[in-house]
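Undergrad: Here it is, the structure in full.
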Amino acid sequence: MKKLEIVIENPTGLHARPAKTFVNIAKKFSSDIVVIHNDKKAKGKSLISLLTLGAETGAQIQIEVDGDDEDQALEAIKEAIESGLGEEELIQEKETGGTQDTIVEKVQEPSTVKEGVFSGIPASPGIAIGTVFQFKRADLVIEEKSSGRKEEKKRLQEAIQTAKSQLKHLNEQMLESGATQEAAIFDVHVELLSDEEILEEIDAQLERGQSAAKSLQYVIDEKAKVLAGLSDPVLSGRAADLYDVGYRVLRNMLGEEVGSIELPDSPVVIFARDLSPSDTVSLDPDKVLGFCTSEGGPTSHTAIIARALSIPAVVGAGDNILKVLPGSQVILDGKAGTILVEPSAEQVKQAQVNQDQERTRQERMLKIASEPAVTKDGHRIEVVANIGGPADAEKALQMGAEGVGLLRTEFLFLERKTPPAENEQQEVYSKILEMMGRFPVIVRTFDVGGDKPIPYIQTPPEENPFLGIRGIRLGLANPEIFREQITALLKSANCGNLHIMFPMISDIQEIIEAVQIVSEIQEELNADPVKLGIMIEVPSAALLADIIAPDIDFFSIGTNDLTQYTLATDRMHGVLSKNLDGLHPAVLRLIAQTVQGAHQYGKWVGVCGELGADPAAIPILVGLGVDELSVSVPAIPEVKEIIREISFDKAKEIAQKALKCKTAADVRALLNQS
């Protein structure tokens with residue numbers, strides 16, 4: 001047995017994401033791993049067990065490793081802890097007085113300042129004026145009688161698998177919108193569903209004759225109580241995550257709907273004891289003006305997601321807010337952490353003035369955003385939107401988008417037991433095309449499989465799903481579903497300016513097969529041809545751009561995947577993901593080669609990954625000759641403004657220098673000097 005004593009120095013201790021990093025490393029080794037803090041012991045391969053240690057920043061822990069690969073395991077864990085367990089950015093933020101410390105400093109005890117005025121903890125800035133909607137989740141009716149251990153275990157496993165699929169979808173949704181840190185929240189939730197300690201204790205309850213639902217509820221409640229009792233607010237806040245993921249599985253098991261909170265037709269301010277991360281990410285900004293919770297803190301995942309979604313929020317305001325009558329008018333100030341109930345006419349007027357000032361600023365930006373993005377020396381770049389459905393399309397137009405550079409169609413295919421019908425798909429595609437009018441709408445065929453499994457397509461388990469049957473590979477392997485989507489798209493084409501894009505292309509043969517299917521269906525329907533393009537996410541496709549260009553109409557570079565495949569680094573890896581930077585010269589060279597190969601045949605190139613909205617990257621992408629930037633909807637005005645402030649000639653000069661750099665850090669240093 002090998003032992004190690006070491007201090008946890010990352011700012012939030014062994015909270016969810018650092019603990020997940022620890023667990024993922026531990027699971028790579030066959031040795032038994034135990035972590036000791038004070039008088040508590042935890043299994044090193046169990047996320048929930050590590051969290052219940054309550055190891056805060058500065059805590060000294062002892063690690064015991066016993067097994068055939070104990071030396072390698074201990075060294076890997078030691079290196080990960082010393083490098084911050086994936087929290088290097090937070091460490092730098094703390095040292096420089098960044099936002100993490102700013103938020104924590106604002107923590108205050110909830111109290112009633114005076115009658116009708118409540119104070120809580122500022123969670124997400126902004127002012128909301130509206131009526132109260134008191135949200136309380138309905139109690140689940142749980143059957144305690146077992147149908148037999150084998151049958152109950154099967155029900156549990158199916159519900160867990162469904163929950164994992166739902167959570168991976170939420171994770172991908174946040175990643176696509178550029179909220180990388182927030183996406184990791186749902187990655188942690190997936191890890192909780194695989195936690196060996198939780199699964200072992202549920203199994204023990206099943207052995208005692210309990211139903212799967214009752215066993216799960218009991219174990220989740222007991223573990224959450226332990227977490228909630230920890231002194232560190234960040235660690236105790238993880239109880240909400242455990243409740244969230246546990247009750248997601250329960251609702252799946254009981255056939256309850258897992259999705260958005262059912263709200264009135266008119267916009268409201270939500271009051272609740274607490275909102276789970278899943279609740280928060282599903283909130284419709286058109287119906288939710290803001291929210292206030294009696295529990296929770298600024299470091300809770302609910303607060304983090306609220307900030308990412310720009311929803312004004314106050315948390316930890318105390319149980320008295322639950323007594324506020326539904327329909328009461330309130331003014332919620334997410335920056336000050338206050339809630340004013342039944343304000344006077346003068347108070348409402350002042351709040352409206354503040355709102356109007358902010359609205360005027362936004363409108364001024366939107367007015368500018370509706371104009372083309374043209375550099376100082378007259379070079380135009382199209383700025384379009386990444387969207388995930390009809391609601392996003394409407395917002396994209398409001399924000400000045402000149403089209404849709406990426407319509408992710410996965411929302412039609414995930415979280416269901418059967419594939420979407422052709423007419424259902426056609427209705428959605430037609431609606432979006434009609435909304436966008438003359439603007440181009442690039443629809444990516446379903447990019448699921450591997451890391452985003454769906455129950456109605458059977459695929460074998462994969463060691464590395466990111467290199468497995470996903471994207472176009474899954475489509476070609478399931479021609480009935482693929483052809484149905486293409487048919488629905490072509491039938492909707494006359495509603496607007498449709499472009500079809502194939503994801504995860506790695507070989508020209510995939511393009512030939514996909515284009516052939518489209519051609520056959522066009523002939524069957526007597527439909528007009530549409531523009532066909534591919535995503536450049538795999539280095540082989542970028543390297544073959546000049547060979548591929550004659551066979552397609554456009555390229556769109558997915559820089560998130562292209563970066564991880566080029567640098568052989570999983571973008572969700574807790575330790576290595578810090579090294580992922582789309583401005584790495586290797587990635588930039590592949591982008592340059594794609595542009596060169598495409599332009600050689602008069603074809604255009606877009607970028608639809610996070611890099612397209614990175615202010616530092618925009619001049620380089622423009623300088624490399626990229627014709628289009630497709631970004632998250634809120635980023636459109638800023639991206640256009642940055643383009644207007646640069647010179648195309650200067651951008652080309654910077655881009656050529658960047659291609660000669662050795663590292664991503666060198667590229668960013670070059671930009672700082674320019």
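The values are calculated or read from the model by the stated rules, or taken from the named source; none is laboratory data. This structure is a prediction, so every number in the text was calculated from the model and none was measured. As a convention, Cβ positions derive from the backbone with ideal geometry for all residues, glycine included, and neighbour counts pool all protein chains shown. All accessible areas refer to the heavy atoms of the entire protein, side chains included, with ligands and DNA or RNA removed. Shrake-Rupley method; radii C 1.70, N 1.55, O 1.52, S 1.80 Å.
Undergrad: Over 27 Å between C-alpha atoms is what I'm after, so list which of K41/K168; K323/K349; K287/K335; K376/K603; K45/K136 land there.
TA: K41/K168; K45/K136
Undergrad: I've got another one for you. Accessible surface of K164 in the full protein assembly, 1.4 angstrom probe, to the nearest 10 Å²?
TA: 40
Undergrad: Using a probe of 1.4 angstrom, how much of the accessible area of the chain is carbon and sulfur, in percent?
TA: On the way: 14250 of 29310 Å².
The computed percentage sits at 49.
Undergrad: Can you work out ³J(HN,Hα) from phi for every residue in the stretch 32-49, in order, using Karplus 6.51 cos²θ - 1.76 cosθ + 1.60 and θ = phi - 60°, giving whole Hz and x for Gly and Pro?
TA: 6, 10, 10, 10, 10, 9, 6, 9, 9, 10, 9, 6, x, 9, 10, 4, 5, 5
Undergrad: Another question about this same structure. What is the ratio of the Cα radius of gyration of the stretch 44-89 to 2.2 N^0.38 Å, with N the residue count, to two decimals?
TA: Ratio of Cα Rg to 2.2 N^0.38 Å: 1.24.
Undergrad: Have a look at the DSSP beta bridges in the chain and tell me what percent are antiparallel, nearest 5.
TA: Rounded to the nearest five, the antiparallel share is 45 percent.
Undergrad: Output needed for the stretch 124-219: three equivalent-ellipsoid semi-axes, defined as square roots of 5 times the C-alpha gyration tensor eigenvalues, in descending order, whole Å. Intermediate results must be reported in sequence, preceding the final value.
TA: On the way: eigenvalues 214, 79, 24 Å².
Ellipsoid half-lengths, sorted descending, are 33, 20, 11 Å.
Undergrad: Quick query: amide H of G13 versus all other amide H atoms, modeled in the peptide plane; which residues come in under 5 Å with a sequence gap of 5 or more or a different chain?
TA: The answer is T57.
Undergrad: So if R0 is 45 Å, what FRET efficiency would R364 and F466 give, r being the distance between their Cβ atoms, rounded to the nearest 0.05?
TA: Once rounded, the FRET efficiency stands at 0.60.
Undergrad: Separate question: Accessible area of E641, 1.4 Å probe, to the nearest 10 Å²?
TA: Accessible surface of E641 is approximately 70 Å².
Undergrad: From the backbone phi of the stretch 323-332, what are the Karplus-calculated ³J(HN,Hα) couplings (6.51 cos²θ - 1.76 cosθ + 1.60, θ = phi - 60°) in whole Hz, Gly and Pro given as x?
TA: Computed from phi, the couplings for the stretch 323-332 are 8, 5, 5, x, x, 5, 7, 9, 10, 9 Hz.
Undergrad: Give, as ranges by residue number, the residues of the stretch 313-338 whose backbone N falls under 11 Å from the point 7 Å along Cα→Cβ of V117.
TA: Label zone hits: 338.
Undergrad: Sticking with this one: Given a cut-off of under 8 Å on Cα pairs at least six residues apart, what relative contact order in percent is computed for the chain? Let's see the in-between values first.
TA: On the way: 1333 pairs, mean separation 80.9, N = 674.
Relative contact order comes out at 12 percent.
Undergrad: Considering only protein heavy atoms, with the full assembly of protein chains and a 1.4 angstrom probe, order L325, L406 by accessible area, largest first. Intermediate values should be presented prior to the final figure.
TA: Numbers: L325 120, L406 0 Å².
Heavy-atom accessible area, descending, gives L325, L406.
Undergrad: So what is the accessible area of the stretch 289-445 per residue, in Å², with the probe set to 1.4 Å?
TA: 44
Undergrad: Let's test the formula: R0 of 25 Å, r as the Cβ-Cβ distance of K395 and L543. What FRET efficiency results, to the nearest 0.05?
TA: For R0 = 25 Å, the calculated efficiency reads 0.10.
Undergrad: Roughly how many Å² is the accessible area per residue of the stretch 562-674, as a whole number, for a 1.4 Å probe? Write out the running numbers ahead of the final one.
TA: Working: 4560 Å² over 113 residues.
Heavy-atom accessible area per residue stands at 40 Å².
Undergrad: So between D66 and R438, what do we pick up on full extension, going 0.36 nm a residue minus the alpha carbon distance?
TA: The D66-R438 span can extend by a further 127.4 nm.
Undergrad: Next question, about the same structure. Assign one of three labels to the stretch 453-502, namely rounded, prolate or oblate, based on the Cα gyration tensor with a ≥ b ≥ c the square roots of its eigenvalues; rounded applies when a/c is under 1.5, prolate when it is not and a/b is larger than b/c, and oblate otherwise.
TA: prolate
Undergrad: While we're looking at this one, here's another question. Quick one: length gained pulling Q458 to H599 fully straight, 0.36 nm per residue minus the C-alpha distance?
TA: Between Q458 and H599, full extension yields an extra 46.8 nm.
Undergrad: If you don't mind, another one. R0 = 51 Å: FRET efficiency of K27 with K335, Cβ-based, nearest 0.05?
TA: 0.75
Undergrad: Now for a different question. For R273, which sequence-distant residues (separation of 5 or more, or a different chain) have an amide H within less than 5 Å of its own amide H, given hydrogens modelled in the peptide plane?
TA: Long-range HN contacts for R273: S294.
Undergrad: Next question. How would you classify the stretch 331-463 from its alpha-carbon gyration tensor, with a ≥ b ≥ c the square roots of the eigenvalues: rounded for a/c under 1.5, else prolate if a/b is greater than b/c, otherwise oblate?
TA: oblate
Undergrad: Using a 7 Å offset from the Cα along the Cα-to-Cβ direction at both S674 and E158, what is the distance between the two label points in nm, to one decimal?
TA: The modelled label-to-label distance comes out at 5.6 nm.
Undergrad: Next question. For the stretch 470-546, what relative contact order do you get, as a whole percent, if you take Cα pairs closer than 8 Å and at least 6 residues apart?
TA: Across the stretch 470-546, relative contact order equals 39 percent.
Undergrad: Summing -39500 (n - 2.57) over the DSSP H runs of n ≥ 4 in the chain and dividing by its residue number, what mean residue ellipticity at 222 nm do you reach, to the nearest 500 deg cm²/dmol?
TA: -13500 deg cm²/dmol
Undergrad: Another question about this same structure. Inverting the mean 1/r over all pairs of different Cα atoms, compute the Kirkwood radius of the chain and quote it in Å.
TA: 26.8
Undergrad: On to the next question. For the stretch 114-233, what relative contact order do you get, as a whole percent, if you take Cα pairs closer than 8 Å and at least 6 residues apart?
TA: Details: 67 pairs, mean separation 38.0, N = 120.
Averaging sequence separation for qualifying contacts and normalising by length gives 32 percent for the stretch 114-233.
Undergrad: For E371 and K349 in one chain, what is 0.36 nm times their gap in residues minus the Cα-Cα distance, to one decimal in nm?
TA: Result: 4.6 nm gained on full extension.
Undergrad: Now, a different point. Report ³J(HN,Hα) in whole Hz for each residue of the stretch 509-519, in order, from the Karplus equation J = 6.51 cos²θ - 1.76 cosθ + 1.60 where θ = phi - 60°; Gly and Pro get x.
TA: 4, 4, 5, 4, 5, 5, 5, 4, 4, 4, 4
Undergrad: Quick one: which residues, 5+ away or cross-chain, put their amide H under 5 Å from the amide H of V288? H built at 1.01 Å from N.
TA: The answer is V268.
Undergrad: At a probe radius of 1.4 Å, what is the per-residue accessible area of I646, in Å² to the nearest 10?
TA: 30
Undergrad: Can you tell me which aspartates and glutamates have their Cα less than 13 Å from the Cα of K164? Leave out same-chain residues fewer than eight positions away.
TA: By straight Cα distance, K164 reaches E172, D187, E191, D195, D244, E415, D451.
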